[in-house]
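The values are calculated or read from the model by the stated rules, or taken from the named source; none is laboratory data. Note that the coordinates shown come from a computational prediction; the quantities given were computed from them, not determined experimentally. All Cβ positions, even for glycine, are placed from backbone atoms using ideal geometry, and neighbour counts span all protein chains on display. With ligands, DNA and RNA removed, areas are computed over all heavy atoms of the protein, side chains included. Shrake-Rupley method; radii C 1.70, N 1.55, O 1.52, S 1.80 Å.
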Amino acid sequence: DTIHVIFMCHSIYYYLIKGFGNTNLLQQGTWSLFASIAINIVMAFTVQSYFTQRIYTLSPPQMKWWLSGIIGLFVLAHFCFGMETVVYFFIIKDFSRLKEIKFISVLPFGITAILSDVFVATALCFLLASNHSEFEETNLIIHRLIVFAINRCILTSYV
């Protein structure tokens with residue numbers, strides 16, 4: 001996360017300070033802007049992989065492989081399409097030409113990002129809901145975790 005912030009600070013400095021008054025500079029992306037997107041994709045992949053591993057651990061034996069396998073496939077696809085998008089950003093660089101890669105990699109990247117978040121949240125909700133106990137405090141914690149999973153899914157899918 002720190003490297004992501006450093007790259008974003010460099011991008012802001014490049015466009016707002018170094019390029020002040022230079023409109024030609026605003027037409028092309030800088031390396032730090034595109035690198036920050038790559039760092040963000042790696043962070044999302046790491047978090048979603050962790051949740052996939054948690055789903056594998058919490059799943060009943062008959063559902064372990066197919067449930068975590070499907071989710072893992074979408075998480076991996078999200079990572080691959082994201083990195084492909086970043087590579088295209090580095091190749092094209094010109095902001096006016098970025099619309100050329102919309103259907104090649106950006107659209108699948110966005111779709112797999114939303115689907116992987118939805119699958120992770122749905123699996124967590126079902127697995128947590130199936131673990132209710134007779135203790136009210138435990139059920140309250142499980143309910144809060146379900147609400148957290150739903151809120152996380154809505155927030156990350158919306159952003």
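Miscellaneous remarks
- Peptides 146-153, 35-42 ranked from most to least packed by the mean count of surrounding Cβ atoms within 10 Å: 35-42, 146-153.
- Simple label model, 7 Å out from Cα along Cβ direction - Ser49 to Trp31, nm: 2.5 nm
- In the full protein context, segment 1-142 carries 62 Å² of accessible surface per residue, based on a 1.4 Å probe and ignoring ligands, DNA and RNA.
- FRET efficiency for the pair Lys102 and Ala129, taken as 1/(1 + (r/R0)^6) with r the Cβ-Cβ distance and R0 = 30 Å, rounds to 0.20.
- Going by accessible surface with a 1.4 Å probe and the largest first, Thr2, Thr112 read Thr2, Thr112.
- Degrees separating the helix 64-92 axis from the principal Cα axis of the chain, which is the longest one: 10 degrees
- Acute angle (nearest 10 degrees) that the helix 136-158 long axis makes with the longest principal axis of the chain, alpha-carbon atoms: 30 degrees
- Amide H to amide H distances under 5 Å link Gln28 with Phe95, where only residues 5 or more positions off or on other chains count and H is placed in the peptide plane.
- Theoretical FRET efficiency, 1/(1+(r/R0)^6), r = Cβ-Cβ of Lys64 and Thr122, R0 22 Å, to 0.05: 0.85
- With contacts taken as Cα pairs under 8 Å and at least 6 residues apart, the chain reaches a relative contact order of 21 percent.
- Full extension of the segment from Asn139 to Ile12, taken as 0.36 nm per residue of separation minus the current Cα-Cα distance, would add 41.1 nm.
- Angle in degrees between helix 31-58 and the longest Cα principal axis of the chain, rounded to the nearest 10: 10 degrees
- Helical runs (DSSP H, four residues minimum) scored at -39500 (n - 2.57) apiece and divided by the length of the chain put the mean residue ellipticity at 222 nm at -25000 deg cm²/dmol.
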